[in-house]
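Asker: Dumping the structure here so I can ask a few things about it.
Every number here is computed from the coordinates shown, using simple stated rules; none is lab data. These figures come from a predicted structure and were not determined experimentally. Neighbour counts are summed over all protein chains in view; Cβ atoms, including those assigned to glycine, are modelled from backbone coordinates with ideal geometry.
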């Protein structure tokens with residue numbers, strides 16, 4: 001237990017150090033901007049006429065950034081300036097600043113914003129900076145009127161952006177470079193420690209002599225389980241940053257590769273070992289664990305731990321000799337004497353995952369490696385065709401923007417929100433009108449988000465930061481020159497706010513900007529008046545964003561979650577149907593599994609948004625049921641992933657001398673049990689009201705085909721025979737044992753055949769465990785879906801398969 005608490009204390013220190021380092025870099029960058037704009041030469045301050053936007057640029061770039069992120073942001077800022085400032089110079093020259101009004105200004109910003117947001121591949125930071133520049137250029141030109149210089153005014157906005165970017169680079173270099181590779185190296189050490197400790201605990205729990213010891217070790221491991229994926233995600237997030245650091249820091253080339261994919265090959269089998277222990281019967285010691293197997297298991301665990309500990313950023317694999325790996329794995333040959341039963345499946349699945357951990361195959365759902373290989377193979381097939389294309393055609397294909405309805409609507413909503421914010425903000429206060437548009441511009445989101453929640457945390461963050469700024473001005477009233485120092489504790493607080501569930505990054509950034517814009521400027525009048533004006537304008541801008549979102553995207557997140565749930569069941573149905581021992585279906589199965597992961601992730605996003613969505617007069621969102629379904633779908637996705645790994649081994653040994661027909665028939669029966677239910681869930685989850693469904697069914701009942709009813713009832717009978725699940729599993733295990741005996745008895749090389757049988761025992765048992773677990777999760781989903789439908793229809797009797805028959809009958813009647 002001491003090791004676990006030691007790891008937790010190390011992780012806590014890392015979190016504190018990360019927050020403090022982020023706050024220090026942000027404070028340093030803002031200090032550089034503050035010193036340059038407050039105390040710099042007059043000629044310099046004349047050109048950097050908008051220090052407020054310099055601060056905004058700093059917050060957009062430097063928050064939680066590394067040097068690689070900042071170097072990339074330099075190019076993004078340059079690209080944003082080309083998008084925002086350069087066209088604005090031409091527009092101001094053609095229109096004339098003196099002829100700008102509130103309506104023409106908001107229209108010009110809206111049209112320019114539409115062009116900026118429309119390209120799909122433009123980075124989010126570049127879009128935010130460009131939109132912010134547009135707001136400053138046009139609104140300030142409207143405020144100053146004919147005094148505005150059409151060329152120099154936009155150039156000064158660009159200069160203010162450049163000062164913020166330079167400050168970010170200096171802040172990430174001083175007093176020492178904040179390198180992504182150093183962060184990755186540190187987190188990699190933590191991940192390796194976490195992974196090796198989990199392996200040791202899992203192996204000890206598996207080998208425990210009694211229930212008490214096993215449960216204590218499993219409980220101890222659970223405290224480490226959540227940290228592993230978080231560390232892995234943090235490592236993967238620095239992939240792009242490390243690429244940007246390679247060029248200027250060539251001496252860091254040994255650490256130029258991100259180990260995220262390597263560590264994913266460790267994380268996935270570890271998750272499988274955890275699943276196996278969770279599903280193991282609480283009867284220790286494990287029945288299949290004899291003295292030879294236990295000794296070999298300890299050797300294999302030690303070998304894998306050494307293998308992981310020897311991983312470094314410049315190596316693609318461990319430096320442990322392969323002969324040791326063979327000796328450690330040799331004990332698995334003893335499995336050929338085992339005749340697995342149902343209770344042995346979790347134990348054999350544990351050993352299967354341990355074997356995966358030793359050989360670390362690529363996992364197509366989690367690792368980019370499988371995708372890269374696939375893309376590479378596709379590219380090689382099309383290489384000849386690409387050479388036949390002309391240079392102009394290829395260049396056009398690379399530069400062309402694919403305009404679809406989704407991108408068009410996103411750009412339109414952003415431009416309309418920004419235009420309305422500036423219009424109403426300028427009407428309320430011409431001098432402060434740009435404060436209504438700036439929060440909308442710099443908070444552009446890459447994907448759909450919980451509109452009300454995000455607007456709420458932005459408003460709260462702005463108020464908190466602004467109030468802190470006013471208090472800072474009051475306390476340092478006699479020390480105007482050093483009041484900027486009062487921001488340091490606020491940067492630390494905001495850094496923790498950004499990592500909190502309550503505020504998140506949107507609230508944390510709003511809090512920082514709110515304080516910086518008051519304490520980092522001078523000559524703007526009484527701080528309290530400016531604070532009230534800013535808060536009011538921010539409220540106007542956020543209100544416009546909410547109004548546009550409601551008008552042009554009226555579909556509630558709860559409705560989208562309902563639709564997405566049905567779509568996910570549809571993909572799950574396809575995924576189950578793709579399970580087969582035939583190797584010809586391998587690529588198709590992997591593609592469907594990737595598609596399933598995308599749908600499950602999308603469902604999770606909609607559920608999170610719906611949970612934060614206000615109910616108003618609508619039916620409350622049943623987050624409990626949706627959360628349970630999402631958990632079961634995530635588990636099914638994992639079982640399908642491990643099942644595909646088992647199938648991959650079996651497909652590799654699918655020779656003409658081995659008859660897989662019996663096993664394929666057993667798999668088909670398993671698939672029938674699951675597929676019938678998933679099809680039913682797909683249809684039932686879209687039903688809004690059972691009362692309306694019954695009325696429609698009664699209306700059209702007479703015109704329905706009687707044969708259709710027979711088909712529907714036969715589907716129901718397949719599902720009602722799920723009590724034969726144990727019989728199917730028994731048949732599957734019997735055929736698996738017969739296949740193993742056939743290989744040993746008929747084969748020519750006894751040693752190699754015994755090893756092959758041992759591997760077949762693991763793979764077939766792992767596949768049987770996954771199929772059995774898929775059936776269990778299907779039953780769990782059935783209970784939750786029934787509760788969900790009953791909750792939505794409290795006065796109706798719920799029979800899922802009866803509802804499914806009615807839905808199918810009505811659909812076929814409409815089709816005919």
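Asker: Students often check this: by mean Cβ neighbours within 10 Å, which of 462-470, 183-191, 290-298 ranks highest, and how do the rest follow? Intermediate values should be presented prior to the final figure.
Answerer: Values: 462-470: 23.0, 183-191: 20.6, 290-298: 15.3.
Answer by packing, highest mean first, reads 462-470, 183-191, 290-298.
Asker: Ok, one more. I need the peptides 166-178, 566-578 ranked by packing, meaning the mean over residues of other C-beta atoms within 10 angstrom, with the highest value on top. Walk me through the numbers before you get to the answer.
Answerer: Numbers: 166-178: 18.2, 566-578: 20.5.
Output ranking for 166-178, 566-578: 566-578, 166-178.
Asker: So, by mean Cβ neighbours within 10 angstrom, what's the order for 803-809, 132-138, 684-690 with the highest one leading?
Answerer: Numbers: 803-809: 21.1, 132-138: 29.3, 684-690: 17.7.
Packing order, densest peptide first, comes out as 132-138, 803-809, 684-690.
Asker: Take the Cβ-Cβ distance between residue 341 and residue 668 as r, set R0 to 22 Å, and report the resulting FRET efficiency rounded to the nearest 0.05.
Answerer: Values: r = 22 Å, r/R0 = 1.01.
Using R0 = 22 Å, I get an efficiency of 0.50.
Asker: Another one. Tell me the label-point distance for the pair residue 796, residue 283, using the 7 Å Cα-to-Cβ offset, in nm and rounded to one decimal.
Answerer: Rounded to a tenth, the inter-label distance reads 4.5 nm.
Asker: Between residue 212 and residue 686, what is the spin-label point distance in nm, taking each point 7 Å from the Cα along the Cα→C-beta axis?
Answerer: Result for the modelled spin labels: 5.7 nm.
Asker: Tell me the label-point distance for the pair residue 780, residue 45, using the 7 Å Cα-to-Cβ offset, in nm and rounded to one decimal.
Answerer: 6.5
Asker: Next question. Which parts of the range 151-180 would a label at residue 35 reach, counting a residue when its backbone N lies under 20 Å from a point 7 Å out along Cα-to-Cβ?
Answerer: Residues passing the 20 Å test: 160-178.
Asker: Suppose the chain between residue 618 and residue 222 were pulled fully straight at 0.36 nm per residue; how much longer would it get relative to their current alpha carbon spacing? Show your work: numbers first, answer last.
Answerer: Numbers: separation 396, 0.36 × 396 = 142.56 nm, distance 3.89 nm.
Full-extension gain reported as 138.7 nm.
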